[in-house]
Structures are given as structure tokens and as C-alpha cells.
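The structure appears right after this line, and notes come after that.
The values are calculated or read from the model by the stated rules, or taken from the named source; none is laboratory data. The shown structure was predicted, so the numbers you read here are calculated from the model rather than taken from an experiment. In this analysis, Cβ positions are derived from the backbone assuming ideal geometry, glycine residues included, and neighbour counts consider all displayed protein chains.
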């Protein structure tokens with residue numbers, strides 16, 4: 001059963017800390033994490049280790065995960081148990097889990113953006129901030145790209161709600177966060193006061209937090225890295241195909257495409273109105289994505305010569321955020337190019353990635369176009 005704090009006459013009873021006085025809980029926050037995927041669940045570690053009440057709430061797709069956590073106190077994909085006191089809640093307990101929350105962490109994937117907007121935003125208590133780990137961009141026919149906080153802000157405006165929307169970006173894999181590997185990320189939002197509160201609540205000696213009010217720049221940078229990481233991974237697969245040896249690494253080609261990726265990311269972040277500091281956070285995120293995860297795997301398969309359908313079949317049809325980002329940004333660039341706002345020739349790597357994932361072209365990196373750019 002979900003345990004919550006009850007406030008009466010200046011006193012509080014917290015099911016986790018067992019304190020019965022408000023003064024003892026002043027530094028403690030109640031944090032509701034919506035989405036028990038790997039990153040949302042990983043953030044329960046620094047949150048709970050900092051002494052906060054943590055409620056990890058599953059989406060309708062997370063029922064088995066929540067049941068496993070309740071039985072074992074461990075996420076099925078993590079080797080380490082949660083710190084004692086993390087409360088696992090099924091999706092029907094969402095409203096109760098939000099009661100008394102000081103802030104909410106959105107831990108859904110980019111495929112849960114609409115669900116979060118329609119089902120969770122209306123339930124948010126007035127004024128409670130949101131801190132999102134969901135990365136991605138949505139394109140529109142005029143070529144504009146909006147980050148998910150911007151999309152959610154439209155929904156909040158419709159609802160007449162005043163919740164602050166903030167987000168996390170930067171190089172961080174969930175399993176390494178759980179392992180307490182040194183991690184440096186950035187929190188972005190419009191209010192530095194709220195960002196300072198979120199940083200204080202979440203920062204540990206292994207989870208370090210920078211803050212910025214450049215929401216558009218940071219969210220653009222960390223979304224773009226998904227598509228570009230796939231581009232770098234193409235070279236790994238190509239060299240496996242040529243050498244026939246998966247253990248023989250060739251770094252010149254990886255570094256060359258990494259260079260081109262950072263050039264294009266820099267231009268796109270500036271096109272969105274972002275700052276150089278946000279771009280640098282995206283470069284860090286690009287690095288960690290190249291060297292792990294499903295984006296690397298599908299990029300290698302494509303580089304080996306499989307087409308996109310064959311590669312996804314080998315990954316059992318898994319849907320990848322990197323493919324969605326590449327398609328959306330490429331569509332936005334084509335719309336802008338049709339209006340004369342940009343030149344598609346300035347983004348040869350992204351457009352080639354889109355040719356592969358959207359048009360079933362075989363991988364043939366345009367190295368001459370990379371070299372001819374001024």
C-alpha cells in the first residue's frame with residue numbers, strides 16, 4: 001500500500017523517515033518519479049541517498065517492473081538494489097503518489113510524451129515543478145522544432161496551470177549512474193531559483209549538476225546527439241565489414257565522423273537559438289551514446305550493410321529514439337531549405353543518416369562533402 005505524509009497542525013508523519021515533526025523534515029523532499037524505465041529508476045538512487053522520500057510510479061506499460069521492484073527491491077535490469085525506502089507504485093496510484101510531492105521527475109521515454117501530457121500534467125498539484133529526462137524534438141510543417149518542455153508548456157497553458165518545466169541533459173547512462181560512476185549533467189529551466197532547489201535535492205558526490213536557463217539550446221543539443229551517434233556508429237560497422245574482425249577497431253574514421261557530427265550539431269543548436277555551453281553538453285552526450293546502447297548497435301548493423309528493416313529485425317523490432325530524431329530533424333531541415341532559410345549541403349551527415357533510416361539507402365558516407373566544407 002502507498003504510504004504518504006499527512007499534515008496536521010504543523011506536524012508531519014513521513015512513512016520513510018518516521019519523523020513526526022515538521023522541523024525534522026524541512027530539508028527532506030518528497031519526489032515522485034513518473035516512469036520506472038531505466039533512467040527514471042536510476043534517478044531514485046541519488047534522490048533517496050540524499051534522504052528524500054521517493055515514490056517510483058510505473059506507467060501502464062511498467063506493471064511487471066513495479067511488481068518486480070516490490071518483490072525484490074531491484075529493477076529487473078539493474079545489478080544493485082534500490083536504497084531502502086524507495087516506494088514502488090502502480091500507475092493507478094499516480095494521484096496519491098503526487099500528493100505532497102515537492103517536485104516530479106518525468107522518466108518516460110520519448111514515446112510517452114503524449115501520454116505524460118494528457119494523463120499526468122492535469123494531475124500535477126499547483127506550482128509543483130517538473131524535472132524531465134525525456135529527450136527529443138518535435139518537427140512542424142514550417143520547419144520549426146520544439147523541445148518536449150515547450151510542447152508540455154502548451155498543454156499546461158490549456159489547463160491554466162503554472163507548473164515549472166525543467167529538464168536534464170548530458171552524458172549519463174542509467175546503469176553507470178546506478179553504479180555510482182562519476183557523472184556530470186546539466187539541469188535547465190526558466191527559473192534559476194527552482195534549478196538551484198532541484199540541484200540541491202539531487203546532487204551527490206558522484207552525480208554532479210550544472211544549471212542553465214538555456215532550455216531550447218540544451219534540449220536541442222541532447223536530442224540531436226541521438227541521430228549523430230548513429231552516424232558515428234556507421235563507421236564501426238563499415239570497418240567490421242571490411243576487415244571481417246569485430247575486435248579490430250579503426251578510430252580515424254570514427255573521429256572523422258565525430259568531427260563532422262559536432263560541426264552540424266553546433267550549427268543546429270545555434271539555428272535553434274541555443275548557446276555554445278549547451279552545445280558542449282550535447283557533445284558529451286554524443287560521446288557516451290556512441291559507445292553504448294541500442295543506437296550504437298543499430299548503427300553498426302547499418303554500417304555492416306544491412307538495411308534499416310533488416311537491422312531492426314535483428315534488434316527484434318525495437319523502436320529507437322535516434323531514428324525518430326534523425327527523421328524529424330531532417331524533415332524540418334528540408335522544410336527550411338524549401339523556404340531558402342538553410343542549405344541542406346551544410347548537413348551532409350544528418351541527411352545521409354536520414355536517407356538510410358527513412359529511404360532504405362545503403363550506407364555510403366559522403367566523406368568528400370565533409371572535407372569540402374569551409
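Per the conditions (1) farther than 19 Å from residue 276 by Cβ; (2) within 20 Å of the chain's Cα centre (by Cα); (3) at pLDDT 95 or above, the sole criterion not satisfied by residue 226 is (3). Taking the conditions exactly as written (in a helix (DSSP H, G or I), under 23 Å from residue 290 (Cβ atoms) and touching a helix residue (DSSP H, G or I) at 6+ places or on another chain (Cβ under 7 Å)), does residue 311 satisfy them or not? Taking the combined requirement at face value, the residue satisfies it.
Residues that are crowded, with 18+ Cβ neighbours inside 10 Å and either modelled with pLDDT under 95 or in a helix (DSSP H, G or I) (or both) within the range 200-209 comprise 201, 202, listed in sequence order. Counting only strands (runs of 3 or more DSSP E) that sit completely within the range 122-191, those holding 3 or more residues that are more than 29 Å from residue 96 (Cβ to Cβ), touching a helix residue (DSSP H, G or I) at 6+ places or on another chain (Cβ under 8 Å) and touching a residue at least 12 places away in the same chain (Cβ under 8 Å) correspond to 137-139, 183-188. Restricting 11, 78 to residues that are more than 20 Å from residue 166 (Cβ to Cβ) and at pLDDT below 95 narrows the list to 11. Of note, residue 221 satisfies the criterion of being under 30 Å from residue 354 (Cβ atoms) and assigned to a helix (DSSP H, G or I). Per the conditions (1) under 23 Å from residue 132 (Cβ atoms); (2) crowded, with 19+ Cβ neighbours inside 10 Å, the sole criterion not satisfied by residue 232 is (1). The residues of the range 207-220 that are touching a residue at least 60 places away in the same chain (Cβ under 8 Å) and in contact with a strand residue (DSSP E or B) (Cβ under 7 Å, 6 or more places away or on another chain), listed by number, are 207, 210, 212, 214, 215, 216, 218, 219, 220.
Residues in the range 268-292 that are under 13 Å from residue 232 (Cα atoms) and not in a helix (DSSP H, G or I): 291, 292. Candidates are the residues of the range 332-372 that are assigned to a loop (DSSP other than H, G, I, E, B) and in contact with a helix residue (DSSP H, G or I) (Cβ under 7 Å, 6 or more places away or on another chain); the one that is nearest to residue 144 (Cα to Cα) is 342. Looking at 256, 345, 292, just one residue is out of contact with any strand residue (DSSP E or B) (no Cβ under 6 Å at 6 or more places or on another chain), closer than 17 Å to residue 135 by Cα and surrounded by fewer than 20 Cβ atoms within 10 Å (Cβ to Cβ), and that residue is 292.
Can you find even one residue in the range 318-331 that is exposed (fewer than 15 other Cβ atoms within 10 Å of the Cβ) and either in a helix (DSSP H, G or I) or assigned by TED's automatic domain parsing to the domain that holds residue 223 (or both)? Yes. The one condition from (1) closer than 16 Å to residue 130 by Cβ; (2) without any contact (Cβ under 8 Å) to a residue 24 or more places away in the chain that residue 81 does not meet is (1).
Criterion applied to 186, 223 was being more than 22 Å from residue 75 (Cβ to Cβ) and not assigned by TED's automatic domain parsing to the domain that holds residue 151, and the one residue passing it is 223. State all residues of the range 317-374 that are under 23 Å from the mean Cα position of the chain (by Cα) and at positive phi; if no residue qualifies, say none. Residue satisfying the conditions is 317 alone. Scan the range 87-114 for residues that are surrounded by fewer than 18 Cβ atoms within 10 Å (Cβ to Cβ), farther than 23 Å from residue 201 by Cβ and at pLDDT 95 or above and the total you get is 2. Here residue 216 fulfils each of the conditions (1) part of a helix (DSSP H, G or I); (2) modelled with pLDDT of 95 or more; (3) touching a helix residue (DSSP H, G or I) at 6+ places or on another chain (Cβ under 6 Å) apart from (3).
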